[in-house]
Amino acid sequence: METVAIFDSPGKGRGLKACKELWAGDVVFSEPSLAAVVFDSLADRICHSCFRSQPKLQRCGQCKFAHYCDRTCQRAGWAEHKDECGAMKVYGKAPNESIRLAARMVWRLDKEGSLVSDTQLTTVEELENHISDMPEDDLKELKVDIHNFLDYWPRNSKQHTVDDISHIFGVVNCNGFTVSDQKGLQAVGVGLFPNLCLVNHDCWPNCTVVLNHGKYVPHLISGFHVSLQSAVNTMFHSQPRIELRALAKITEGEELTVAYVDYLNVSEVRQKLLKAQYFFDCTCEHCKNRTKDDLKMAGREVEGVKVPEEESKEASDYCFEMMEKINKSRLSGDYHEVLFEVHYSTMTQADKSIGQTFRT
């Protein structure tokens, strides 16, 4: 890969740096997933190949679980779904998304080896799993997933040790990247992108990640026999991939960074999220100096009177809790619950200080 190189980033471990000057909007690199799956809650509403949302999807006639836009998407996704389809029929149901993603990763690695492409910069074995950093509750969930994975894994497939499977789940837990639909408005799945895993966090990043859903033309050529039409469509069907894009000018040798969490959060919330999900304490200047936290809290100042810091923190914690509930309801497709949570949060405790923000 000509645009980036691996290097030892001070205090962060491995990272990626630019091998040439980049400008805002430049694609630093693009990468298809090693494996990706649709969320359990959206399995019948999102295409399992292109990850587009469609009003009508065709269900796999064998496992009755996977759904596709049409035969073109089904053909394009068959290489990943083939082993999964057979395993589901024997298992009797579809396991959760973490198990499905881990299984797809293992099947692909078994077939293609540690490096599945010439442009892959690291192997899954080299990625951090942070299992030793997990809290007790997360470790219990991990053990349950591993047990269910081993029940789901076909007896006629290559067998792996518990340590190997544990590593895969740990990698997915701290390196999985959320996949969005074609509008970019809804999280619809999760995938693993090995090169992207090497890009370190910064609260003021110089890059961002976007999802390119690839090319799909359902009726590319008219007047051909159906089977030929399908073959041509499949040939022009390209796999969804992430693109790492520069947000500003990046000089040669400069480290490439992305924000693992939303920078619009105040530093305290960012620190909490980074520690819980990625197991590190951010020591960047923006966190140490709480840069721009005052601007983000400015909405709480009404007519020159600033809400006490204790009350602001209480409201921030409350917002964080409510957003978790809203996201869970949204991902499960329960939009009535989403509306209820939004209404409840703005009409009850949040109006102490947040309500003032809406009124200003």
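FYI, it's all coordinate maths here, none of it is from the lab. Being a predicted model, the structure only gives us computed values, none of them experimental. Note that we place each Cβ from the backbone using ideal geometry, even for glycine, and neighbour counts take in every protein chain shown.
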**Message:** With a cut-off of 8 Å between alpha carbons and a minimum separation of six or more residues, what is the relative contact order of the range 27-133 in percent?
**Reply:** 22 percent
**Request:** With no solvent and one equal point scatterer placed on each C-alpha of the range 4-258, evaluate the Debye formula and give log10 I(q)/I(0) for q = 0.07, 0.09, 0.10 Å⁻¹, two decimals.
**Result:** -0.26, -0.44, -0.54
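Which entries in the list K249/K275; K183/K275; K82/K111; K12/K275; K82/K140; K275/K313 go over 23 Å, if you measure between the two C-alpha atoms of each? Please report the intermediate quantities before stating the final value.
Numbers: K249/K275 29 Å; K183/K275 30 Å; K82/K111 13 Å; K12/K275 14 Å; K82/K140 30 Å; K275/K313 18 Å.
Result: K249/K275; K183/K275; K82/K140 exceed 23 Å.
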**Asked** Kirkwood hydrodynamic radius (Cα pairs, Å) of the range 10-135?
**Response** 17.1 Å
**Complete:** Here the net charge surrounding K20, from other residues whose Cβ is less than 10 Å away from its Cβ (Lys, Arg +1; Asp, Glu -1), is -4
**Prompt:** In which sequence would S49, S180, S267 go, from the one with the fewest C-beta neighbours within 10 Å to the one with the most?
**Reply:** S180, S267, S49
**Fill in**
Taking alpha-carbon centroids only, the range 1-66 lies from the range 262-291 a number of Å equal to 24 Å
**Request:** For a footprinting-style exposure proxy, rank Y260, Y91 by other Cβ within 10 Å, fewest first.
**Result:** Y91, Y260
**Request:** Quick one: what are the phi-derived ³J(HN,Hα) couplings along the range 88-96, Karplus 6.51/-1.76/1.60 with θ = phi - 60°, whole Hz, x for glycine and proline?
**Result:** 5, 5, 6, 5, x, 6, 8, x, 5
**Request:** Go through the range 268-279 residue by residue and turn each phi into a ³J(HN,Hα) via Karplus (6.51, -1.76, 1.60, θ = phi - 60°); whole Hz please, and just put x for glycine and proline.
**Result:** 4, 5, 4, 4, 5, 5, 5, 5, 5, 9, 10, 6
